[in-house]
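Q: Okay, handing you the structure first.
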Amino acid sequence: MTLNVLFAARPERWESYEPILKSEFARQGLDVALSTDHPPETVDYIIYAPNGPVQDFTAYTRCKAVMNLWAGVEQIVGNETLTQPLTRMVEEGLTGGMAEWVTGHTLRYHLEMDLDLARKPGDWSQHNPPLARDRPVTILGLGQLGQAAGQMLAGIGFPVTGWSRTQKDIEGITCLSGDEGLIEALKTAQVLVLLLPDTPATTNIINPESLALLPKGAVILNPGRGPLIDDDALLAALDLGQVAHATLDVFRTEPLPEDHPYWHHPKVTVTPHIAAETRPATAARVVAENIRRGEAGEPFLYLVDRDQGY
């Protein structure tokens with residue numbers, strides 16, 4: 001039987017995804033009609049992006065699953081018209097890209113690269129950073145992305161502490177959980193990496209109280225979600241020197257407005273939501289595998305827990 005699969009991401013993504021998806025469907029032995037305009041009542045599966053054309057799922061009465069191309073689902077999980085199973089994207093390209101972004105910016109701070117980038121002719125002043133083993137890193141959020149980033153940093157020699165809502169056991173990472181665990185994780189964080197999902201429980205988790213727990217002069221990297229940070233509190237901590245620098249990739253409003261203080265603060269680096277991008281080649285494998293699973297009656301990979309919000 002031919003399966004009707006709707007590609008419901010932005011039109012400019014179609015060209016890169018279409019041939020790769022068709023190749024993966026064939027490799028899985030799936031007979032798929034892939035299109036951007038199937039009539040809703042004929043659609044078996046939806047490949048979805050929150051900024052795509054589909055926002056109301058009511059008419060997709062035959063649809064067996066909606067497969068998000070993004071790691072984050074906060075823009076869709078509360079959609080009351082979506083009653084079908086929802087999966088999030090976990091794929092090796094996105095995961096590897098995030099781990100590399102976190103590692104690169106951690107090393108930028110650890111090696112004090114900015115001092116050399118700003119060096120003037122004739123300035124021969126020398127700086128000797130500690131070894132990685134003496135620079136503790138804390139990662140808030142130990143999902144696929146947090147685990148990958150933490151293990152990459154641990155492989156270089158950084159002592160890595162990770163915190164999550166529920167207790168984890170991950171090789172190379174000291175894992176903490178709960179309220180007391182969060183306090184302990186923050187107190188040692190010379191570099192703090194934010195990779196939590198955006199939920200009511202995580203909104204403003206970086207606030208005046210949590211910022212005060214950090215070692216003076218800590219650095220914050222946020223490639224996770226903008227609402228994790230109380231922006232006014234972070235700006236105050238930067239001005240006071242409690243936080244030495246913040247590298248921010250995600251924001252409450254995107255693109256970040258031109259008049260936002262982050263653009264103009266000397267201790268803030270803004271990157272335009274580029275820390276991790278879904279790679280079509282590797283994402284297509286996950287989509288095809290989930291459709292195969294759906295047709296075989298097997299559990300979907302990376303099924304979203306609506307109650308938890310991720």
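The values are calculated or read from the model by the stated rules, or taken from the named source; none is laboratory data. Fair warning: this is a prediction, and the values are worked out from it, not measured in the lab. Every residue, glycine among them, receives a Cβ derived from its backbone with ideal geometry; neighbour counts consider all protein chains shown.
Q: Check whether at least one residue in the range 70-84 is closer than 24 Å to residue 304 by Cβ, of a type in the set (Asp, Glu), touching a residue at least 40 places away in the same chain (Cβ under 8 Å) and surrounded by 18 or more Cβ atoms within 10 Å (Cβ to Cβ), and report yes or no.
A: no
Q: Show me the helices (runs of 4 or more DSSP H) found entirely inside the range 81-157 where at least 1 residues are β-branched (Val, Ile, Thr).
A: Of the helices (runs of 4 or more DSSP H) lying wholly inside the range 81-157, those with at least 1 residues that are β-branched (Val, Ile, Thr) span 92-110, 144-156.
Q: Grab the strands (runs of 3 or more DSSP E) fully contained in the range 170-261, keeping just those with 1 or more residues being under 17 Å from the mean Cα position of the chain (by Cα).
A: 191-194, 218-222, 243-248
Q: Another question about this same structure. For a quick check of your reading of the model, give me the residue pairs whose first member lies in the range 90-112 and is closer than 23 Å to residue 300 by Cβ, whose second is aromatic (Phe, Trp, Tyr), with beta-carbon atoms closer than 7 Å and at least 6 apart or on different chains.
A: What qualifies is 90/302.
Q: Also, I was wondering about something else. Against the conditions (1) in a loop (DSSP other than H, G, I, E, B); (2) out of contact with any strand residue (DSSP E or B) (no Cβ under 6 Å at 6 or more places or on another chain), where does residue 300 fall short? Just the number, please.
A: Unmet condition: (2).
Q: Let me ask something else about it. Among the residues of the range 53-79, what is the count of those that are within 19 Å of the chain's Cα centre (by Cα) and either modelled with pLDDT of 95 or more or of a type in the set (A, V, I, L, M, F, W, C) (or both)?
A: Counting residues in the range 53-79 that are within 19 Å of the chain's Cα centre (by Cα) and either modelled with pLDDT of 95 or more or of a type in the set (A, V, I, L, M, F, W, C) (or both) gives 8.
Q: For a quick check of your reading of the model, give me the residue pairs whose first member lies in the range 178-207 and is over 21 Å from residue 101 (Cβ atoms) and of a type in the set (Ser, Thr, Tyr), whose second is in a loop (DSSP other than H, G, I, E, B) and modelled with pLDDT of 95 or more, with beta-carbon atoms closer than 6 Å and at least 6 apart or on different chains.
A: 188/136
Q: Out of curiosity, is residue 219 in contact (Cβ under 8 Å) with a residue 40 or more places away in the chain, in contact with a His (Cβ under 9 Å, 6 or more places away or on another chain) and not polar (S, T, N, Q)?
A: Answer is yes for this residue.
Q: To continue, here is another question. Go through 5, 43 for me and flag whichever is farther than 28 Å from residue 143 by Cβ and surrounded by 22 or more Cβ atoms within 10 Å (Cβ to Cβ).
A: 43
Yes or no, residue by residue, for (1) assigned to a helix (DSSP H, G or I); (2) of a type outside the set (Asp, Glu); (3) touching a Pro at 6+ places or on another chain (Cβ under 9 Å); (4) assigned by TED's automatic domain parsing to the domain that holds residue 289:
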{"residue": "13", "(1), (2), (3), (4)": "yes, yes, yes, yes"}
{"residue": "18", "(1), (2), (3), (4)": "yes, no, no, yes"}
{"residue": "23", "(1), (2), (3), (4)": "yes, yes, no, yes"}
{"residue": "30", "(1), (2), (3), (4)": "no, yes, no, yes"}
{"residue": "33", "(1), (2), (3), (4)": "no, yes, no, yes"}
{"residue": "38", "(1), (2), (3), (4)": "no, yes, no, yes"}
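Q: May I ask you to say which residue of 261, 200, 208 is modelled with pLDDT under 95 and either among the aromatic types (Phe, Trp, Tyr) or not assigned by TED's automatic domain parsing to the domain that holds residue 51 (or both)?
A: 200
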